[in-house]
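> The structure is given below, and queries will be raised subsequently.
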Amino acid sequence: MENLVHLSNLTTFGLGGAPLRYFRPKGPLELREALRQCRRLCMPWRALGGGSNVLVEDGRLPFAVIHMEEPSFAWIRRTGATRLRVGAGARIVSLLAFCRREELEGLEFLAGLPGTVGGAIAGNAGARGKAVADALRRVWTMTPDGRCVVSASEELRFGYRHAEFGEALLMEAEFELARGDRKLIALRMGDCARARRDNQPIGISSAGCIFKNPPGCTAGALLERCGMKGRRIGGAEVSAEHANFILNRGAASSRDVLELIREMKEAVRSRFGIELELEVRHWPAERRAA
Ligand code: EPU
């Protein structure tokens, strides 16, 4: 266990204050101990993977963070002709390299996505009309009292950028893929990664798409039509490449980002009557009494 960790160092947005406790368990036993401590102290907790889809506020965070970053959670194993088992901490890029090498197809659409398998499953990450849950068979989670539970993917009620783990923490997952050809798999991965590079800002701090796409349209197109591209508050700026991305231009505060989000929502609401919903996970800081 380490304390005084600032999440700004662990999130791709470069934002976030200090949690009540920071745990980086080295394996299931330490994970069980972390969950038990949280339970004993009645302390809420949140799991962190690659930190690429979270908007964490600056300041004191009223929860503990369990960071699934250790190598013992980052393994990938083939468990059948078309089956894989993966630890929640494995990077997506490593999973895709494994699939390519083992000639297993079905996850190519994830190419170019940052973050970990755990994060991708928790948010049912997707692209091109496909989502990670489509190929998921089972997950292994740990409950707050330290029990390990296996669940079929259907039990997690996956939807568009949505999954329900209740109080449990994801430890590993099993995917059912299909046999494929290495060259074709590599081509498809290349296409997906290229498409991302062509119309999304890469290499600048952000948390990916800020809003979910409303039914039948895309948040990016709506925001662009509202003239939001390039709009800046403090160090936070709406990307000129893709209007559903907010960039941290170096010194953004979470307040800058939240203010920009409020403006973006207001613009789309007043022009189109559509209520945009956050796609990134928002982790608020402690509210000080006025
Ligand atoms: N568009 C605009 N203006 C913009 C951005 C997009 O007009 O500023 C238009 C594009 O021209 C295109 C359409 O909107 O016709 C869709 O754009 P894009 O292909 O970029 O996809 P998206 O719907 O904006 C979704 C996911 C992305 C994923 C891409 C690729 C959501 C919220 N976003 O974006 O996921 O990478 O598809 O398939 O579902 C993320 O989850 O963080 C993320 C980036």
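> If I go through region 115-135 residue by residue, how many of them are of a type outside the set (A, V, I, L, M, F, W, C) and near the ligand (Cβ under 9 Å from one of its atoms)?
5
> Can you list residue pairs whose Cβ atoms sit under 6 Å apart, with the first residue in region 108-131 being more than 22 Å from Arg46 (Cβ to Cβ) and the second being among the charged types (D, E, K, R)? Count only pairs 6 or more apart in sequence or on different chains.
Glu108/Arg188; Phe109/Arg128; Phe109/Lys130; Gly112/Arg196
> Take the residues in region 243-263 that are open to solvent by less than 40 Å² (accessible area, probe 1.4 Å), in a loop (DSSP other than H, G, I, E, B) and not hydrophobic (A, V, I, L, M, F, W, C); name whichever of them is nearest to the ligand (Cβ to nearest atom).
Asn244
> Between residues in region 201-212 that are farther than 8 Å from Val280 by Cα and among the charged types (D, E, K, R) and residues that are part of a loop (DSSP other than H, G, I, E, B) and within 6 Å of the ligand (Cβ to nearest atom), which pairs lie under 7 Å by C-beta distance while being six or more apart or on different chains?
Lys212/Glu279
> Keeping to region 139-170, report how many residues are open to solvent by less than 80 Å² (accessible area, probe 1.4 Å) and more than 16 Å from the ligand (Cβ to nearest atom).
The qualifying residues number 20.
> State which residue is surrounded by the most Cβ atoms within 10 Å (Cβ to Cβ) when the search covers only region 188-209 and only residues that are more than 10 Å from the ligand (Cβ to nearest atom) and aliphatic (A, V, I, L, M).
Taking the candidates together, the pick is Met189.
> Further question: So how many residues does region 3-46 have that are within 18 Å of Val280 (Cβ to Cβ) and touching a Gly at 6+ places or on another chain (Cβ under 7 Å)?
Residues that pass the stated criteria total 6.
> Here's another thing I want to ask about it. Within the set of pairs 6 or more residues apart or between chains, which connect a residue that is within 18 Å of Ala47 (Cβ to Cβ) and in a loop (DSSP other than H, G, I, E, B) inside region 144-161 to a residue that is more than 16 Å from the ligand (Cβ to nearest atom) and among the basic types (Lys, Arg) with Cβ atoms less than 7 Å apart?
Pro144/Arg39; Asp145/Arg39; Gly146/Arg32; Gly146/Arg36
The values are calculated or read from the model by the stated rules, or taken from the named source; none is laboratory data. Treat the numbers as computed from the prediction; the structure is a model and nothing was measured. Note: ideal-geometry Cβ built from the backbone for every residue, glycine included; neighbour counts use all protein chains shown. For accessibility, only protein heavy atoms count, side chains too; no ligands or nucleic acids. Shrake-Rupley method; radii C 1.70, N 1.55, O 1.52, S 1.80 Å.
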